[in-house]
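Worksheet: one structure, shown below.
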Amino acid sequence: MFWAILGLAASLRFAFLGIKPPHFDEGINGWFVDQMVKDGFYRYDPTNYHGPLHFYILFLSQSLFGRNLYALRLPVVLASIASVWLALEYDRLIPRAVARLAALAMAVSPGLIFYGRYSIHEVWLLLFSMMFIFGLLGLWREGTVSYLWFTGIGMTGMILTKETYIIHVGCTLIALPMAYISTRLIPAENAQPVLQKWNAIDLTVVCLTGIGAIVFLYSGTFFHWNGVKDLFRTFHAWFETGSSGHGHEKPWYYWLELVARYEWPVCAGLILCAFSFLFETFALRFLAILGVGTFAAYSIIHYKTPWCIISIIWPLFFIFGAFLVVLPRNRFVVSTIVASILLLVSLGYAISLNYFRCTSFIEANWDSNRSFTTNLAGFFRAEPYVYVQTYNDIYKLTTPLLDLAHRDPRFYHLVGHILRPSPYPLPWILGDFPRVGYYEHDSNPPDLDGDFLLVEESKIPEVEKKLRASYYTEPLTVRPYQDTSKLYLRASVFRQYFPGRLPDFTGGGKD
């Protein structure tokens, strides 16, 4: 069962890994790695709200496997699979059946699969927060040095990943005494912390290792010492963003909408948290309190992006797993059937989302003028996890361009002009093309003719007046909420990709 669950998790995360274009954030992260190659280190920026660890891991992956989409996504896929493995290892602290059911729910979770295939920081926050809690509960129950290391590595990893680690640490500090107090009211197993088996030397080694890693990476491997100070300055910028939203503000019930749409086992876990006093294991009570507390804390923050869901809901998978131990044994068949239905629904959503609708931008848009059944159908037809995802439209440019360059490296020196704001992920995808320029607002290249152009709608008349060559043209939308740009491909270069078709636009001169 252990290897079957892990194999299922790996299969769902590796299958068709390149099926969707790089997301805007993936393009940004890849661009940061490109800057590391130029500068020799990562220059931490406190307004970027992300730690350096992910970038160094991506740097290593791209150095080993090349500058491609699979190398960009491989590390987070492995981290997502490791999270499922760690959930299975929780059977040291909670009943084995509970841990395995939780791991199975994580393996088929639409969100954990979808964002476990994105090269973003949240997957690392998921893994390290699970590691941190695993270590704390292990210290409470067994008190060995190995759990001390889990706690230390988990805490270090969270700090190196994202500033929101402060939420998880704060919720943990509140949940731990609350869980202990609950055991004084209603007894539970392992309610008392055991005598610790590590000493001051062990603690010093763990702390120095963590501090050393934090200083080493935040200082840009000792080339950017301001990064260490900026580790603390980031909270001012983050608090301001979290309170205002900066275009990503959502209502407090946003996370409830997401779990109702996709994560049915989590919905069951949230409901079961109300009956956490029935859990006879201290660890499960703690996870229930932690899950509700973290969910509530993230709900208060105005700034909400859907990928944060994976680092919020993971404790609730264990509470879903506790479904088996809450109901009486004579209801085992009923509880198994209900759990199986929820898991099958989750798997169905995961397959639909990740392999058929992974670039489908569909909003629910609940409308009080429509009937309840119509709104409900629209709610389940929507894909809110697909958030500012790059459209397949960019393949109109990248497929022929990369095909030419792969067949003949001389085509890497084609001249390209991207005349539109916020063009990511194109700067990363086309990072090997040194003669591509990016122009925003009123800036333009001195000579507008190029081998390819991508022009925002408002600039098209101005640009076409100055073009001299002949081009094939296509409408191209990079991602939602952007205007449709116009793609120009020079006819003399890209003619083979448009057999039998005449150029759509010819400028004032001859090509």
Quiz prompt | Filter pass, A175 being open to solvent by less than 20 Å² (accessible area, probe 1.4 Å) and at pLDDT 95 or above | solution = yes
Quiz prompt | Residue in the stretch 321-335 that is among the hydroxyl-bearing types (S, T, Y), touching a helix residue (DSSP H, G or I) at 6+ places or on another chain (Cβ under 7 Å), surrounded by fewer than 24 Cβ atoms within 10 Å (Cβ to Cβ) and not in a strand (DSSP E or B) present | solution = yes
Self-check item: Meets criteria (farther than 28 Å from L137 by Cα, among the β-branched types (V, I, T) and assigned to a helix (DSSP H, G or I)) for V292
Solution: no
Practice problem: Please list, ordered by first then second residue, the pairs with beta carbon atoms under 6 Å, 6 or more apart or interchain, first in the stretch 327-341 and within 19 Å of F279 (Cα to Cα) and among the hydroxyl-bearing types (S, T, Y), second open to solvent by less than 80 Å² (accessible area, probe 1.4 Å) and not in a helix (DSSP H, G or I). | Solution: S335/L327
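Among G143, G157, G138, G170, which is the only one that is farther than 17 Å from L290 by Cβ and part of a helix (DSSP H, G or I)? Steps first, please.
Working: G143 fails: part of a helix (DSSP H, G or I); G138 fails: farther than 17 Å from L290 by Cβ; G170 fails: farther than 17 Å from L290 by Cβ.
Testing whether each residue is farther than 17 Å from L290 by Cβ and part of a helix (DSSP H, G or I) leaves just G157.
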Quiz item: If you go through the stretch 152-180, how many residues are among the hydroxyl-bearing types (S, T, Y) and in contact with a Phe, Trp or Tyr (Cβ under 6 Å, 6 or more places away or on another chain)?
Solution: 1
Quiz item: Taking only pairs six or more apart or across chains, which ones have beta-carbon atoms under 9 Å, a first residue in the stretch 190-201 that is modelled with pLDDT under 95, and a second residue that is surrounded by fewer than 12 Cβ atoms within 10 Å (Cβ to Cβ)?
Solution: A191/R184
Quiz item: Of all residues in the stretch 297-320, how many are over 23 Å from W124 (Cβ atoms), out of contact with any Pro (no Cβ under 7 Å at 6 or more places or on another chain) and surrounded by 20 or more Cβ atoms within 10 Å (Cβ to Cβ)?
Solution: 1
Quiz item: If you go through the stretch 414-470, how many residues are among the charged types (D, E, K, R), over 25 Å from W31 (Cα atoms) and either assigned to a loop (DSSP other than H, G, I, E, B) or within 30 Å of the chain's Cα centre (by Cα) (or both)?
Solution: 3
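Just to be sure before I move on: is H406 without any contact (Cβ under 8 Å) to a residue 40 or more places away in the chain, outside any helix (DSSP H, G or I) and not hydroxyl-bearing (S, T, Y) in the structure I sent?
When the stated conditions are applied, H406 does not pass them.
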Exercise. State which residue is surrounded by the fewest Cβ atoms within 10 Å (Cβ to Cβ) when the search covers only the stretch 360-379 and only residues that are more than 22 Å from I19 (Cβ to Cβ) and among the aromatic types (F, W, Y).
Key: F372
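Within the bounds of the stretch 485-496, is there any residue that is in a loop (DSSP other than H, G, I, E, B) and either buried (at least 22 other Cβ atoms within 10 Å of the Cβ) or in contact (Cβ under 8 Å) with a residue 24 or more places away in the chain (or both)? It would help to see each step written out before you state the result.
Step one: filter the stretch 485-496 for residues in a loop (DSSP other than H, G, I, E, B), giving none.
Checked against the condition, which is being in a loop (DSSP other than H, G, I, E, B) and either buried (at least 22 other Cβ atoms within 10 Å of the Cβ) or in contact (Cβ under 8 Å) with a residue 24 or more places away in the chain (or both), the stretch 485-496 yields no hits at all.
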Quiz item: Tally time: how many residues in the stretch 448-483 are open to solvent by less than 70 Å² (accessible area, probe 1.4 Å) and of a type in the set (D, E, K, R)?
Solution: 8
Quiz prompt | Residue within the stretch 395-406 that is within 28 Å of I289 (Cβ to Cβ) and out of contact with any Cys (no Cβ under 9 Å at 6 or more places or on another chain) present | solution = no
Quiz item: Can you tell me which residues in the stretch 273-296 are open to solvent by 20 Å² or more (accessible area, probe 1.4 Å), at pLDDT below 95 and not polar (S, T, N, Q)?
Solution: A274, F275, F277, L278, E280
Quiz item: In this structure, is P409 over 27 Å from the mean Cα position of the chain (by Cα), surrounded by fewer than 16 Cβ atoms within 10 Å (Cβ to Cβ) and of a type outside the set (A, V, I, L, M)?
Solution: yes
Exercise. Could you grab the pairs with beta carbons closer than 6 Å, sequence gap of 6+ or different chains, first residue in the stretch 342-353 and closer than 12 Å to L12 by Cβ, second one open to solvent by 20 Å² or more (accessible area, probe 1.4 Å)?
Key: S346/W264
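Find the residue count for the stretch 157-172, including only residues that are under 16 Å from V206 (Cα atoms) and either in contact with a strand residue (DSSP E or B) (Cβ under 8 Å, 6 or more places away or on another chain) or open to solvent by 20 Å² or more (accessible area, probe 1.4 Å) (or both). Working first, answer last.
Filtering the stretch 157-172 down to residues under 16 Å from V206 (Cα atoms) leaves 157-160.
This time we only want the ones that are either in contact with a strand residue (DSSP E or B) (Cβ under 8 Å, 6 or more places away or on another chain) or open to solvent by 20 Å² or more (accessible area, probe 1.4 Å) (or both), so: 159.
Matching residues across the stretch 157-172 total 1.
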Self-check item: Near pairs, Cβ below 9 angstrom, 6+ apart or cross-chain, from the stretch 443-463 (at negative phi) to any residue that is open to solvent by less than 30 Å² (accessible area, probe 1.4 Å) and of a type in the set (D, E, K, R)
Solution: N444/K459; L454/R420; V455/R420; E456/R420; E457/R420; K459/R420
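The values are calculated or read from the model by the stated rules, or taken from the named source; none is laboratory data. In this text, all values refer to a predicted model and were calculated from it rather than measured experimentally. Neighbour counts run over all protein chains shown; Cβ positions are idealised from the backbone, glycine included. To get the accessible areas, we keep the full protein, side chains included, count just its heavy atoms, and leave off ligands, DNA and RNA. Shrake-Rupley method; radii C 1.70, N 1.55, O 1.52, S 1.80 Å.
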